[in-house]
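The structure's right below; bear with me while I get my questions together.
Laboratory data are not the source of any read-out in this text; all were calculated from the coordinates shown. Predicted model only: the values in this text are computed from it and were never measured. Backbone-built Cβ (ideal geometry, glycine too); neighbour counts: all protein chains shown.
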Amino acid sequence: MMKNATLRQLKVFEAAARNLSYTRAAEELHTTQPTVSIQLKQLSEIVGQPLIEQVGKRLFLTETGTELLKTCREIFDGLARFEMLVSEMQGIKAGRLRLAIITTAKYFVPRMLGMFSHRYPGIEVSLNVINRERILQRVNENLDDLYVLGRPPEHMDIHLEPFMENPLVVLADIHHPLARLKSISAERLSQEGFLMREPGSGTRLATEQYFKDRDLKLKIKMELGSNEAIKQAVAGGLGIAVLSAHTLALERTSNELVILDVQGFPIQRQWYLAYPRERQLSVVAKTFLEFMHTESKVHGEKYLQGIPGFPGLGKR
C-alpha cells in the first residue's frame, strides 16, 4: 500500500498536517494550494482512509493522519541522519542545510549565505524566513538544523550562540519635531504614537520592556505586519518606530528617515544561532556555525557603519 506513496507526497502531507493549513504548506514548499490538495488526495487514496478532515474553516488530523505524521517524522529524521553520514564521509563537499530565520534577519543572513554557498558550492541551503511565533513552533518540532533569533525564547531547552550585535534604534520621518533634538528623554518619547509589529515580536517585546522599566506607558498607534510596512509608514509621517538597525541596510528611503537621539538607545541586543539541545548537529550545520561566527566579526560592524546616522556600536 504505502510503497506506492512518493517522498514528495509525504513531505506535502507533513507540512499540511503540521500547519493545519494548505495555504501555509504551499508557501513553505514553494508550490500552489491546488497542488497541495491534489497530492493529499492522492495520498489518501493510497492509504485508503482520510488523513485530514475539514470542519467549517478548520482542518483536523484524523487518527490515521496522526499516525502517518509520526511515521513521516521518523522517515525524515532517518534521511537527515543519512545525509549527515554522507556529508561526513565526503568531507563536507556535499549536504543540506535547513535554516529558519526571524524576518528581521533577512536583511543580512541572505548576503552571508551567499558567501557561504560560494565557499561550499556543494551544500544545498533551504531557507525559511518567518515571524517569531512560527519560528518557535519550528524549534519545538525540531524541523530545521539551525535558527537565527533576535530574542532568546523563555522556557525552551535550546542551545544559543550569540554571533553579532543587533542594536535597536528609534526611527522617525526627517520632518518629525524630534528629528533635530538631542538626548530625547523617555518621558518625551512616550508622548509619541508608535508603529509596531504584532504582539510577540522580539522588537515589540524589547520596546515594551524599555517603557515598563521607566514606569511609562507605550502608545501604540498602529500595528503592521512587516518591517518594510513600518518603515514606509514612518516615512509617511504616521508615527515613530523602534526597529533593528539592520533593517536600514540597503535602505532606499534613508533620505526620508532619521535615527532619533534617544536616551537609552540603541538598545543593545544580540543575534543568536539556536538549535534544540538534544539535536545532533550535522557536519554541514557545524560548518555554518563556524562560518557565521567568523564572518559576522568581519562584516557585522561594517553593515552597521554603512547606515546613515547610526550612532555606533556600544552606545547606551
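Report for the chain the percent antiparallel among DSSP-assigned beta bridges with both residues inside it, nearest 5. Provide the component values of the computation, followed by the final result.
On the way: 22 of 38 bridges.
In the chain, approximately 60 percent of DSSP beta bridges are antiparallel ones.
Roughly what angle does helix 202-213 make with the longest principal axis of the chain, taking Cα atoms, 0 to 90 degrees, to the nearest 10?
The answer is roughly 40 degrees.
Right, here's the next one. For the cross-link pairs Lys3/Lys57; Lys57/Lys106; Lys3/Lys106; Lys57/Lys221; Lys3/Lys70; Lys212/Lys286, which exceed 28 Å when the distance is taken from alpha carbon to alpha carbon?
Values: Lys3/Lys57 32 Å; Lys57/Lys106 32 Å; Lys3/Lys106 40 Å; Lys57/Lys221 31 Å; Lys3/Lys70 17 Å; Lys212/Lys286 39 Å.
From the list (Lys3/Lys57; Lys57/Lys106; Lys3/Lys106; Lys57/Lys221; Lys3/Lys70; Lys212/Lys286), the Cα-Cα distance tops 28 Å for Lys3/Lys57; Lys57/Lys106; Lys3/Lys106; Lys57/Lys221; Lys212/Lys286.
Applying a 10 Å radius around every beta-carbon, put 276-289, 255-268, 215-228 in order of their mean neighbour count, most first. Provide the component values of the computation, followed by the final result.
Values: 276-289: 17.0, 255-268: 18.6, 215-228: 14.2.
Packing proxy ranking, top to bottom: 255-268, 276-289, 215-228.
Right, something else. What percentages make up the Cα-Cα pair-distance distribution of the chain when the bins are 20 Å wide from 0?
The percentages, shortest bin first, are 28, 50, 20, 1.
Using a cut-off of 19 Å between alpha-carbon atoms, which lysines can reach Lys182, once sequence neighbours fewer than 8 places away in the same chain are excluded?
Straight-line reach from Lys182, under 19 Å: Lys315.
If you don't mind, another one. Starting at the first residue of the range 216-227, write each ³J(HN,Hα) from the Karplus equation 6.51 cos²θ - 1.76 cosθ + 1.60 with θ = phi - 60°, in whole Hz, x for Gly and Pro.
Here the 3J(HN,Hα) series is 10, 9, 8, 8, 8, 8, 7, 9, 10, x, 8, 5 Hz.
Another question, if that's okay. When the helix-only estimate is applied to the chain (DSSP H runs of n ≥ 4, each -39,500 (n - 2.57), divided by the residue count), what is the mean residue ellipticity at 222 nm, nearest 500 deg cm²/dmol?
-13000 deg cm²/dmol
What ranking do 97-103, 51-57 get when scored by the average of other Cβ atoms within 10 Å per residue, highest first?
Details: 97-103: 22.6, 51-57: 11.3.
Ranking, from highest mean packing down: 97-103, 51-57.
Output ³J(HN,Hα) for the range 65-79: one whole-Hz value per residue in order, computed from phi by the Karplus curve 6.51 cos²θ - 1.76 cosθ + 1.60 with θ = phi - 60°, and x for Gly and Pro.
Rounded to whole hertz, the list is x, 4, 5, 5, 4, 4, 5, 4, 5, 5, 5, 5, 5, x, 5.
With springs connecting C-alpha atoms under 10 Å apart, model the chain as a Gaussian network and identify which of Arg111, Arg204, Arg269 has the largest mean-square fluctuation.
Arg111
Would the range 28-185 count as rounded, prolate or oblate if I go by the C-alpha gyration tensor, calling it rounded below 1.5 in a/c and otherwise prolate when a/b exceeds b/c, oblate otherwise? Please report the intermediate quantities before stating the final value.
Values: a/c = 2.39, a/b = 1.49, b/c = 1.61.
Oblate is the answer for the range 28-185, as a/c is 1.5 or above yet b/c matches or exceeds a/b.
As a test, work out the antiparallel percent of DSSP beta bridges whose residues both lie in the range 130-246, rounded to the nearest 5.
50
To continue, here is another question. For the range 2-70, just the Cα atoms, rotate onto the principal axes and tell me the three extents in Å, largest first.
Here the Cα extents, ordered largest to smallest, are 27, 25, 19 Å.
Round to the nearest 10 and give me the degree value, 0 to 90, for the angle of helix 7-19's Cα axis relative to the longest principal axis of the chain.
Relative to the chain, helix 7-19 is tipped by roughly 50 degrees.
Suppose every Lys and Arg Cβ carries +1 and every Asp and Glu Cβ carries -1, with no other charges. What dipole size does the chain come out with about its Cα centre, to the nearest 20 debye? Spell out each step's value before the answer.
Values: 41 positive and 36 negative charges, 92 e Å.
With Lys and Arg at +1 and Asp and Glu at -1, about 440 debye.
For helix 109-119, what angle does its Cα long axis make with the longest principal axis of the chain, in degrees from 0 to 90 and rounded to 10?
Around 60 degrees separate the two axes.
Please state the equivalent ellipsoid semi-axes for the range 168-259: what are the square roots of 5 times the Cα gyration tensor eigenvalues, largest first, in whole Å? Intermediate values should be presented prior to the final figure.
Numbers: eigenvalues 72, 52, 26 Å².
Those come to 19, 16, 11 Å.
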